[in-house]
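First comes the structure, then the notes that go with it.
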Amino acid sequence: MKKSLFLLLAIFLLWSCSPKKYSAIMLPETEYVDLDTLTVTAPSEYEGDPISLEGMDSSADLILPTYNPSAKRESDLLHTKLDLHFDWTKEQVIGKATLTLKPYFYPTDKVVLDAKGFQFHKINFEGSNEQLKYDYDSSKVTIHLGKTYNRNQEYKLFIDYTATPAASGGSAAITSDKGLFFINPRGEDGDKPQQIWTQGETENNSRWFPTIDKPNERATDEITLTVEDRFKTLSNGILVSSKKNTDGTRTDSWKMDMPHAPYLVMIAVGEFAVVKDTWNGKSVDYYVEPKFEKYARDIFPYTPEMLQFFSDKLGVSYPWQKFSQVVVRDYVSGAMENTTAVVFGEFMQGTARELIDNRQNESIVAHEMFHHWFGDYVTCESWSNLTLNEGFANYSEYLWMEQKHGKDEADFHRLQELNGYMQSAAQGIHPLIDFGYANKEDMFDPHSYNKGGLILHMLRNYVGDDAFFTALQTYLKRNALTEVEADELRLAFEDVTGEDLNWFFNQWFFDKGQPTLNVEYDYDDETKEAIVMVEQTQDAKEMPGVFVLPVAIDVYADGKKTRQNVQIDQRTQTFRIPSDTDPDLIVFDGDGVLLADINDEKSLDEYIFQYENAPNFVHRIKALGQIVDSDTPEAKAVVKKALNDKFWLFRLFAIENEVLDDKNTAQIAKLAEKDPNSDVRESAIRKLAGTEDKKWAPLAARAVENDPAIKVVSAALETLLALDKEAALATAKKLEKDDDEGIILALAGLYNEAGDPQRLGFFEEKFNKVTGFNKVGFVQNYVKLAQNGDAAAMLRTANNIKSIAMSEANMFWMRFMVTKSINELHATVAGKIESESDATKLADMKAKDAELVKIIDSIKAWEKDDRVTNMYASFPDPAPKP
């Protein structure tokens with residue numbers, strides 16, 4: 001009891017002192033309390049810089065740490081019914097909302113709704129003409145109900161409103177919080193399609209309909225959309241009716257009869273092509289731009305197969321009414337798991353040839369689909385618990401890769417996730433369940449995503465597959481259609497395994513950081529034992545000084561592998577493993593699952609043995625990475641051997657690190673034509689360019705004509721240019737009639753490399769054939785080639801591309817990129833002015849440079865986005881030379 005009282009006193013006094021951080025406080029009776037772990041330690045066992053309680057000012061102000069709780073539930077939204085029309089010119093939503101609500105528990109005579117930027121025309125009870133009193137601060141509306149309702153009494157509010165969605169910010173993950181977006185609303189932006197789409201996460205759907213915009217709310221909904229008959233619509237749930245009106249419009253009614261969080265409500269309107277699939281009697285629909293209609297199943301690969309796989313793996317069949325996916329223009333994120341209606345950015349679209357061996361689309365489809373269990377069916381109760389949505393969705397990518405493409409592909413994906421997290425952690429760390437965030441948008445980072453998935457993989461490895469997936473099934477069924485926090489996940493695992501898992505959840509979910517492990521190996525010839533020495537060296541002031549790490553150690557000796565499972569739970573530990581002979585190799589973390597920075601050193605012979613014998617991708621790729629740095633004959637032989645590795649990444653790695661000679665060049669040429677993986681073929685063809693041997697030009701020409709993958713065609717054109725420029729340009733000329741965007745981009749790259757400004761006509765002809773993100777690479781090649789031309793060509797180029805920089809429909813970074821490119825054209829002309837001696841030419845160049853400056857100034861004057869204008873401030877003064 002005394003220790004508990006002193007512990008509380010220590011915490012109180014920490015908060016009431018100045019904000020300086022202390023690692024521990026010295027308690028009376030000379031005991032210390034560690035402020036990270038809240039454990040009491042004797043002086044002889046504590047290493048740190050404690051402070052004494054004696055002399056502290058007990059009257060100092062109490063400073064509580066930031067804590068972001070789950071939203072308080074005062075009213076319960078049961079059902080939302082929306083009748084929506086749109087004013088495209090004014091970019092407004094004209095809406096009528098009928099909301100069914102009741103008090104959550106305590107009686108109340110008012111309800112508070114989120115409604116950002118609304119104009120209210122009527123607020124009354126359904127069926128009544130009597131206006132209700134309300135207070136509105138432009139963000140929330142407090143409606144006075146006229147009487148007190150208890151938790152058993154439902155009521156229906158009717159709200160007639162106009163919403164004008166407007167952005168107030170954004171984040172790295174979701175670049176705008178506008179909520180609802182009109183794309184090319186007045187038809188002013190060339191061939192860009194007109195669309196409406198929404199992005200509700202985090203709390204932005206309340207910019208287009210009134211709601212309780214919190215993740216721990218949940219309601220059913222009906223949405224009626226009246227649009228021009230040329231448009232298709234999409235929303236949550238099932239399309240229950242579609243009626244053509246006499247004025248050329250059509251009214252579609254969508255119904256979602258299962259409750260979900262308000263941020264998951266969506267609508268999309270546009271001239272989409274709709275391709276239909278089915279799974280288990282449910283509609284599976286793909287909404288794409290018409291020119292991509294025949295590629296819809298390539299854009300959203302394996303969708304029905306994934307639905308079956310995840311349903312089987314989780315033991316919970318896909319629970320929703322349908323599964324639709326739509327690609328929209330100028331999307332402000334990557335993709336969004338709106339219930340039954342996932343939205344994707346236009347980067348997903350491509351032809352079958354462009355999407356060969358494209359794992360990105362697969363991963364994103366899997367990610368958003370898995371959310372329909374983790375995020376939609378069971379939803380994080382607060383943004384602090386976001387990883388219960390995003391960590392699972394990230395881990396689904398591993399599960400799918402493992403199922404469809406094998407464990408090597410899955411482990412390669414995991415390694416990319418690990419590297420992404422580690423790069424982020426180097427900039428700063430926070431608890432995975434972070435109640436102290438400064439802004440809820442900050443939660444959308446590699447902690448919630450990458451780290452969350454990596455931790456789930458460790459948990460799976462620790463408890464085993466059977467227990468892992470049984471626990472997930474328990475978690476899903478127990479918490480179906482409710483909101484959750486991390487402890488509910490822990491309890492599901494504890495109930496299945498029978499083990500207290502607080503140690504795992506406390507260090508990985510509720511604390512921050514990850515271990516740094518220095519590992520050394522030795523052998524004791526007298527005792528016949530392999531020795532593994534492990535030291536945790538992470539900064540104990542920033543994260544736990546000791547992580548508890550169950551880990552496998554594999555010892556390879558006498559032609560066999562012996563595994564020792566150990567637990568690391570001290571700052572420094574030594575493990576001794578029986579071995580009759582000095583091992584050929586010791587592999588720490590044999591399964592390659594630890595989220596840790598592991599530092600160990602091995603000899604070249606050990607790395608060669610590891611590449612050839614370790615079964616895990618992580619250990620093999622690390623070994624090969626060390627081997628290629630050696631120029632010994634043994635190392636070179638291993639690299640040659642890797643050209644035939646069963647996993648494509650090792651073959652690609654070997655190609656890029658191989659030193660060419662007659663024998664291996666022939667082998668690389670074979671890979672360029674015959675390898676089953678397009679990334680390997682692409683790399684091999686690029687490697688042949690380095691031979692400068694014209695005899696490989698026919699191979700490159702064959703690849704241009706015959707390879708199904710556009711990226712290989714592009715690489716082959718570049719190689720052909722390097723080996724036989726005349727043949728490359730002749731081959732390219734044959735392809736100019738092809739309007740496939742992938743071919744256009746390949747030719748753009750080739751013509752830029754060739755450097756002949758006579759080819760600028762190709763860019764001018766194809767400018768409007770390239771869309772979306774493809775425009776970026778196209779414009780960059782266009783501008784670089786124009787810089788080889790005269791001032792007139794550069795001015796013409798600037799006039800052609802300036803429309804991209806002056807369209808709100810384009811992403812802010814794309815506008816900046818184009819303006820920067822025009823500024824580079826100006827700089828090039830200015831440089832030529834410096835060296836021009838002919839007076840007539842000089843006057844002409846100065847006049848054209850002045851026009852370039854006018855274009856830049858007009859763009860700057862037009863731009864209103866602070867993110868862009870701030871970047872423009874870094875430009876040098878564009879004023880032309882006098």
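Just a few scattered comments:
- Considering only residues in region 181-202 that are under 16 Å from residue 266 (Cβ atoms) and in contact with a Gly (Cβ under 9 Å, 6 or more places away or on another chain), the one that is modelled with the lowest pLDDT turns out to be 183.
- Subset of region 415-436 [open to solvent by 30 Å² or more (accessible area, probe 1.4 Å) and aromatic (Phe, Trp, Tyr)]: 435
- Of all residues in region 454-475, those that are open to solvent by less than 10 Å² (accessible area, probe 1.4 Å), touching a residue at least 60 places away in the same chain (Cβ under 8 Å) and closer than 26 Å to residue 412 by Cα total 4.
- A Cβ distance below 6 Å, combined with a sequence gap of six or more or placement on separate chains, defines the contacts here; from region 148-163, residues that are farther than 15 Å from residue 212 by Cβ reach residues that are open to solvent by less than 10 Å² (accessible area, probe 1.4 Å) and among the aliphatic types (A, V, I, L, M) in the pairs 163/93.
- Restricting the first member to region 621-633 and to residues that are over 9 Å from residue 607 (Cα atoms) and open to solvent by 30 Å² or more (accessible area, probe 1.4 Å), and the second to residues that are at pLDDT below 95 and assigned to a helix (DSSP H, G or I), the beta-carbon pairs closer than 7 Å and six or more apart or on different chains are 628/657.
- Filter result for residue 219 (aliphatic (A, V, I, L, M) and either farther than 24 Å from residue 200 by Cβ or more than 30 Å from the chain's Cα centre (by Cα) (or both)): no
- For region 124-166, a residue qualifies if it is small (Gly, Ala, Ser) and in a strand (DSSP E or B), and the qualifying residues are 146, 163.
- Helices (runs of 4 or more DSSP H) lying entirely in region 671-758 (those with 3 or more residues that are under 35 Å from the mean Cα position of the chain (by Cα)): 678-689, 697-706, 710-723, 741-754
- The conditions of being open to solvent by 10 Å² or more (accessible area, probe 1.4 Å), among the aliphatic types (A, V, I, L, M) and at pLDDT 95 or above are met by residue 352.
- Among the candidates 187, 169, 248, residue that is within 25 Å of the chain's Cα centre (by Cα) and surrounded by fewer than 18 Cβ atoms within 10 Å (Cβ to Cβ): 169
- Every residue from region 404-424 that is farther than 16 Å from residue 361 by Cβ and in contact with a helix residue (DSSP H, G or I) (Cβ under 8 Å, 6 or more places away or on another chain): 407, 408, 410, 411, 412, 414, 415, 417, 418, 420, 421, 424
- The selection criterion, being more than 21 Å from residue 597 (Cβ to Cβ), over 26 Å from the mean Cα position of the chain (by Cα) and either without any contact (Cβ under 8 Å) to a residue 24 or more places away in the chain or open to solvent by less than 40 Å² (accessible area, probe 1.4 Å) (or both), holds for residue 494.
- In the set 74, 154, only one residue is within 30 Å of residue 381 (Cβ to Cβ) and more than 36 Å from the chain's Cα centre (by Cα); that residue is 154.
- Residue in region 126-137 that is open to solvent by less than 40 Å² (accessible area, probe 1.4 Å) and in contact (Cβ under 8 Å) with a residue 40 or more places away in the chain present: no
- Within region 105-125, restricting attention to residues that are open to solvent by 40 Å² or more (accessible area, probe 1.4 Å) and either of a type in the set (A, V, I, L, M, F, W, C) or modelled with pLDDT under 95 (or both), the residue that is farthest from residue 178 (Cα to Cα) is 105.
- Pairs, first over 23 Å from residue 577 (Cα atoms) in region 535-557, second in a loop (DSSP other than H, G, I, E, B) and not small (Gly, Ala, Ser), C-beta under 6 Å, six or more apart: 538/515; 543/512; 544/511
- Checking each residue of region 339-348 against the condition of being surrounded by 22 or more Cβ atoms within 10 Å (Cβ to Cβ) and of a type in the set (S, T, N, Q) gives at least one match.
The values are calculated or read from the model by the stated rules, or taken from the named source; none is laboratory data. Since this is a predicted model, take the numbers as computed values, not measurements. All Cβ positions, even for glycine, are placed from backbone atoms using ideal geometry, and neighbour counts span all protein chains on display. SASA here: full protein model, heavy atoms, side chains in, ligands and nucleic acids out. Shrake-Rupley method; radii C 1.70, N 1.55, O 1.52, S 1.80 Å.
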